[in-house]
Every structure is written in C-alpha cells, then in structure tokens.
Amino acid sequence: MPRIVGLAEVSESDLPLVGGKASKLGELVRRGLPIPPGFVITTELYQEFVDTTPLATEIPAALKEIDPADSTSIDRASQRIRSAFEATDFPTGMREEIVAAYEAYVNQNDVIFSAVRSSATTEDLDDASFAGLQDTYLNVRGTDAVLRDIRRCWGSLFTPRVLVYRGRKGFDRATLRLAVLIMKMVNSSASGILFTRDPNTGENHMIVEAGWGLGELIVGGEVTPDHYVVDGATLKVVHKQVSEQSVRLVRNPDGGNQREPVPEADRSRPKLSDDALHRLVSLARLIESHYRRPMDIEWCLDGSTLYIVQARPLTALPTPLPAETRAGGRPAPSAPSSSSEEGLLLKGLGAAPGIAAGRVRHVLHVEENTKLEPGEILVSTMTTPDMVPAMARAGAIVTDEGGMTCHAAIVSRELGIPCVVGTRTATKTLRDSEEVSVDGKMGAVYAGLERGKKKAAPAAATGVTPGGHAGVPVTATKILVNVSVPEKAEEYAQLPVQGVGLLRIEFIFTAHVREHPLYLIQQGRSKELVDRLADGIGQVCRAFHPRPVIIRTSDFKTNEYAGMPGGAEFEPREENPMIGWRGCSRYISPEYRPAFLLELEAIHKVRTEMGLRNAHVMLPFVRNTWELEQIAEMFKEKGLRRSRDFKLYLMAEVPSTVLLARDFSQHCDGFSIGSNDLTQLVLGADRDSETLARLGYFDERDPAVLRAIELLIEGAHAEGRTVGICGQGPSVYPEFAEFLVRSGIDSMSLNADTVLATTRTVAALEQKMKLDGLRKS
C-alpha cells in the first residue's frame, strides 16, 4: 500500500487509505474541478508511525483509563496521547520520505504556504461529518513546520471532543486511523460554505454563506456571514442578507494567520459579486450531480479565481414539509424574520430543527462545560469543537453569532439537537436558570416551558420529528429504506417503512472489517471476518425485526478492493472496473470463492445463532443464469436454501437480466432495479462521466431505460416474481415515480431522508390512478 500519494491520484474508493476529506477532493480533481494541488500522507504511514514507536503501547494504555462516568478521565487520556504524538520523532527513513514528497510538491506547484489538514477514515461520511473536530493548520511555511503539524494532526484524532463524538456515533476509539492532506494554501480574499439543500428544512434551496478572509471565523461563529438563498432548480437568488464584518483572518507573511480590521469601505459590501455567486452555485450543482446527493461544500476566492477546498455529504438532512404545510406567510428559507409573537425573547437563524424546553445555562468557555446539566439550554457566544461533550448533553443550543454553516449548526444537526444561531444578544438577554422554549426550525426562543411542550405535538404530526409519523398515508407500493451503516439502524427503524430494501454489505466491510477479505483469510483470521460481518448485519436485523432486511452481498470493483488495506496483492488492474470483475463473476471465481463463502457463513450465523430470520439476500451485477446455478450450490454448502422465510433477490442492472427476466425468475424470488448501472449499460453512458452527465446522456428517465423497466416488470410478474427499485430516482424525479407506480412496481427502497416525502408522493399517485380508473369506468 502506498504511504504517500498525490491528491490527483486518489478517488472515493481510496477512503480507507486517504480518509474522507482527501478521497472526495481527489475525486473532484479527477473530474476537472478547481481544487488546489496537494498530496496525502496515508493511513498506512500513520499506522506505521504508531506501531513502530512508543505510541503502540501509550495509546491503548491511555484509552484504558477512560471512565465513562468521569468526564475528566477523557481529558487526561487525551492530553497524555497528544503529548506523546508531539514528543515522538519520525523514524529516520520515514522523515526522509515525507521531506522528499514535500519538496517535490513545492517545486512542481510553486508553493510557499500550505494547509496541513486532517483526513480521517470516519470523516465526511454520509452520516457523520466530524465537522471541525480534528485539527487543520493553515498557512504553514517550511519543512519543519509541516513535519510538526503532521504529528499534531495525528494527535488530534484523540482530542476530548473527538473521543466523545466518536462514542456518540458508535465508532471504535482504538481502531480509527488518520491521513493528512497537504494542499497549496489559497490566499483567500473571501470564503465560505455552501449547502446544496437547505439543511434546516430539506427544501431544494442552496444556502451560501460568505465572509471576508479565511473561513475559520465563519465556522467558529465569530462573525455573522452574508447569507444567500438560491433556488436549486433555477439558480435564481430568492433571498440575500448582507452582514457587516469588521474583522477578518488573513495570512501572516511569516506563516500562520493574523487578524486585521476590514477596510471601512468593505465592511457592509457584499462578499460575492453576482457573477461569482453564479459560478459558485453552478460548480455546486456539478458536485451534487456527481455524488447524486446533497452536499456541504467549502469554497474560497482568491481575487476572481474560485476554488473548492472541501466537499462532504450533507448529514442530518430533514424531510421537506409538504407544500400545503409550507404555505401561508412563512419567511424566506433559513432567513431570520422579525415577529411580535407573545413571549418571544429572541429571533435568529433556525439552524437545526426541533422543539425543546428547559433552563438556560451559559457556557462561554470550554472550562465551563461541566456546568451544563443534561437537558439544559446551552447559551454561548459561539460553540467550539471543544464544547462537543457539553453539546451532547444539551436540550437545545442558542448562540449570539454564527450562520447555518457554523460549528454549532453542523454538530447540532448531527446530534439531533434544536439550535438557533446568530441571535446577537442571547448571552445578554437570557439569564442563567431562566426557563425558555427553543424552536430550532423557526429560529425562535420563547419565555417559559409551555410553548415548547405545546408545539412538540404538532411538530411530530408533520412527520419530521423522529418517531412521530402520524398522518403518513398507507400505500399499495411497499416503502422500504436503504441502510448504509449499522449504527443508523435504530434511528431508521423508527421510520414508517416495511423493512430494509438495501443493506450494502460492502459498507460493513469498510466500517467494521476495514481489511481485504482475502488478506484476512491469508492471515488466518477467517473467524474474525465472519464475526465482524455478522455483528454488523445482526445490528440492522435486530433493529428492524421482524420486518425483512435484504442484504446485498459485496459489490466492490477491483479498484475499490485494491484500496482496502491488504488488497493490492489480490486485485488485478482493470481498464474499466465498472464492467469488470465484480458481483457474481467474482463469487464463482476460484480466487475469490473462499471470501464469498465467508459472507454466506456470516449471514447463516445471523439467521441461526442470532435467531434473526428476517435476513434475506440479494445478489448484485448478475449476468447469466449459469452463474446463479453455481452460486446456489455455494448457498447449500453454507446451509442457506430458498424457502418461505428465506428469499433470494437479484439486482437488475445488466440488460441480459431484463431481456431474459422470465428465465432469471426461475432462480430467485424477485428483482430490485439498480437504476444507475441499468441506465449506464442500456445507454452506453459511463455513469462516472461528468461530461456525459452535463450533456444529458445519463438519465434514468430516458425512454430506452423506461422501456427496459417495463420489460422487467412484465416478465417478472408473468412468473409471479416481485420487482422493486433502490435509489434516489423516485425521490428526485416525481415523473419517474409516477411511471414506476403506473408500471406496477411492487416496492421502492429509499434513502432515509426522502422516505416521508416520497411516501406522500406515491400515495397521491395511487389515489390519482384510482380516480382516473373510476372516471374511465
């Protein structure tokens, strides 16, 4: 495995090697987006540093002393580990290797100042951003300073705030690894953050926040940024709020950052011109199109040149309210508004939805974390990453400063805590121990507890509050949910769904196993692989029991498998992995057969030893019926046989499955349409080609793709087999959802954040079809 790699050489499949931040930026470099040049110190080098120095014993010893009931024990363990990282020198060969890579990068890119940025294997994931929790160092100058800050980044994997956040998100403290991304530093005249969906409402509005200088003052909530709301469909600006800024963070010529006053003439001037704003949201649309999900993007402007410096999934996105609920005098999305409502104490930006009531507790510095009792309302000028332990206990959070993209907003949304930011006077207006109610959706704080208690019930009735799904219509089309990581299963199980339509086993590999399966077999660790897979699968099946959970067996491509620790020696290099050795062709190959048998053994363990007989299986990328005959024998070898309580499904991704649907039906209980691969192979359009996507070639609504889906449904239903679909298509395109319903689709498996809205859409379509039928008759 490479120890140091150029940013332009990595992609998302390299996440275990380069971490979340670097893998996503490398992906965008390969797509031609404006990303500053850089290179990555990989997790392999991090692990070697830990394993070959006194840190190998120091880290476990410190973590062992943590007492969950004693918050100060986390502080002590953290300080011990971080001090050890900073005091430990690089082994000679390792130092020379890093210095050589740094000097080559400097010479090739005319670099003077760099950003040294953490990139953890659990960072920028679909359900956990780790926003601001690991350290980043800006405007770093010189070799010695870069070497120092690499070790400091590594040590930040063990700050108290990260240890607490990891525990809250269910990540193992001892097994995480950190890569370090070193990038050319942009001399930012302006910078900020963009959400491609409104994070407070889930509506199709882009939220842009902009400030002078470096973006750290925005994220830290020390300045209130300009706030723009842009219609996601038309890219027209629907709301604009310019805020005065008197101080900015800029480059110190000797290295590091310094504060300076903003010139008087610029203090009230918009930070983005109309042209710059349009270019920015156009880039954001391309990024969202590439990842096919809402994104959280950091950007900066050097004069007139725009750069993207981070892109990660937008976590904790709520379901948009129905149009009839939104109507009636609501303020512009995510925009503060004045109000004369009775009992209103403060108005700010609604940054994280929800209702809470409790006593006010001022926490102005990290040293005051321990003052906050569980359920109290945390009031601060602005939260910092070090306040995460206190934030996790809060009933709600209210701040003086900050915007939709500040630390308090991002972390509150992930923790599911109501949050109001940018009130300007919360620390002066709200008194310690005062009883208040906080409405995180509308950005309001009210006197007393009653309003919070009264408003909690209607909030649940909308279907937005977790667990509150009264009024969600019943549909003839089964509505299922996709689950990415087991840690979200308990939460998703509260949704009004009939089970899990897609549990990708490869996500359990990356989150729970983390090493190539053949490498584990080679190391004599087959039982460990089975146990880890079974634990992850069992966690999901237990949460949804007795509702069915359909487990899709592994579908890594060769380039993705090669990026896993220990995988390089087992994977061939393919020119086009997308249509190469993947899916069922891998399972029947002598080289990979032992690993697939262990997957089946893990599923058998879940069904027998754990007693979770709601576990079913789906095979990906099926090309021929003869490969299914071989796989059926492998199932029997591991004690798995199709029956009334054990179903086998096939992904319909390859046109052969569609054209011979009746033949394939003899080997399965149903099909699930993989619209991305099916579109790619029907239209001959590479799903990863940004050029073809921009020209409109890659579109699941193409008539040829729609006809393929009709053929599949007709053939499968003729043999008594079901057909579902898993993916975002029905959620993104209402006309596609209508086509599926009219064609007789049996089920839709959706991303969790779209379940409620799409269920309502499907119910309305079914009702419309019923009325149309009555009219005709």
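Structure notes:
- In summary, residue 717 fulfils each of the numbered conditions (1) modelled with pLDDT of 95 or more; (2) open to solvent by less than 20 Å² (accessible area, probe 1.4 Å) with the single exception of condition (2).
- Pairs with Cβ under 9 Å, 6+ apart, first in region 237-248 and without any contact (Cβ under 8 Å) to a residue 60 or more places away in the chain, second open to solvent by 60 Å² or more (accessible area, probe 1.4 Å) and assigned to a loop (DSSP other than H, G, I, E, B): 242/268; 242/269; 243/268; 244/268; 245/268; 247/222
- From the list 85, 39, the lone residue that is more than 25 Å from the chain's Cα centre (by Cα) and of a type in the set (Phe, Trp, Tyr) is 85.
- Whether a residue is among the hydroxyl-bearing types (Ser, Thr, Tyr) and in contact with a Phe, Trp or Tyr (Cβ under 7 Å, 6 or more places away or on another chain) was assessed, and residue 46 passes this test.
- Conditions (1) modelled with pLDDT of 90 or more; (2) within 25 Å of residue 12 (Cβ to Cβ); (3) open to solvent by less than 10 Å² (accessible area, probe 1.4 Å): number failed by residue 685: (1)
- Residue match in region 496-514 (condition: assigned to a helix (DSSP H, G or I), open to solvent by less than 50 Å² (accessible area, probe 1.4 Å) and more than 25 Å from residue 621 (Cα to Cα)): no
- Number of residues in region 120-152 that are modelled with pLDDT of 60 or more and either of a type in the set (Asp, Glu) or out of contact with any helix residue (DSSP H, G or I) (no Cβ under 9 Å at 6 or more places or on another chain) (or both) equals 7.
- Options 273, 289, 304, 282: the member that is closer than 14 Å to residue 207 by Cα and surrounded by fewer than 18 Cβ atoms within 10 Å (Cβ to Cβ): 282
- Any hit, region 547-561, residues being in contact (Cβ under 8 Å) with a residue 12 or more places away in the chain, more than 17 Å from residue 501 (Cβ to Cβ) and touching a His at 6+ places or on another chain (Cβ under 7 Å): yes
- Total residues in region 353-390, condition closer than 20 Å to residue 217 by Cα and out of contact with any Asp or Glu (no Cβ under 6 Å at 6 or more places or on another chain): 11
- Taking the criterion of being without any contact (Cβ under 8 Å) to a residue 12 or more places away in the chain and under 20 Å from residue 607 (Cβ atoms), the only residue of region 516-527 that qualifies is 527.
- Scope region 596-621; condition among the small types (Gly, Ala, Ser) and either touching a Lys or Arg at 6+ places or on another chain (Cβ under 6 Å) or at pLDDT 95 or above (or both); matching residues: 602, 615
- For region 762-772, the criterion of a residue being at pLDDT 85 or above and surrounded by 21 or more Cβ atoms within 10 Å (Cβ to Cβ) is satisfied by at least one position.
- Residues in region 656-667 that are open to solvent by less than 10 Å² (accessible area, probe 1.4 Å) and of a type outside the set (Val, Ile, Thr) were compared, and the one that is farthest from residue 604 (Cα to Cα) is 661.
- Residues considered: 635, 544. Of these, the only one that is of a type in the set (Phe, Trp, Tyr), in contact (Cβ under 8 Å) with a residue 12 or more places away in the chain and in contact with a strand residue (DSSP E or B) (Cβ under 7 Å, 6 or more places away or on another chain) is 544.
Here's the yes/no breakdown for (1) among the aromatic types (Phe, Trp, Tyr); (2) farther than 29 Å from residue 313 by Cα; (3) open to solvent by 20 Å² or more (accessible area, probe 1.4 Å):
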position	(1), (2), (3)
729	no, no, no
733	yes, no, yes
751	no, no, yes
756	no, no, no
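- Selection status of residue 157, modelled with pLDDT of 85 or more and assigned to a strand (DSSP E or B): no
- Selection within region 254-270: residues that are among the acidic types (Asp, Glu) and part of a helix (DSSP H, G or I). The member of this set that is surrounded by the fewest Cβ atoms within 10 Å (Cβ to Cβ) is 264.
- All positions within region 515-539 that are open to solvent by 60 Å² or more (accessible area, probe 1.4 Å), farther than 15 Å from residue 597 by Cα and of a type in the set (D, E, K, R): 535
- Filtered residues of region 349-387 (kept if part of a strand (DSSP E or B) and within 16 Å of residue 406 (Cβ to Cβ)): 349, 350, 351, 352, 378, 379, 380
The values are calculated or read from the model by the stated rules, or taken from the named source; none is laboratory data. All values reported here derive from a predicted model rather than from experimental measurement. Backbone-built Cβ (ideal geometry, glycine too); neighbour counts: all protein chains shown. Just the protein is used for accessible areas: all its heavy atoms, side chains included, with ligands, DNA and RNA removed. Shrake-Rupley method; radii C 1.70, N 1.55, O 1.52, S 1.80 Å.
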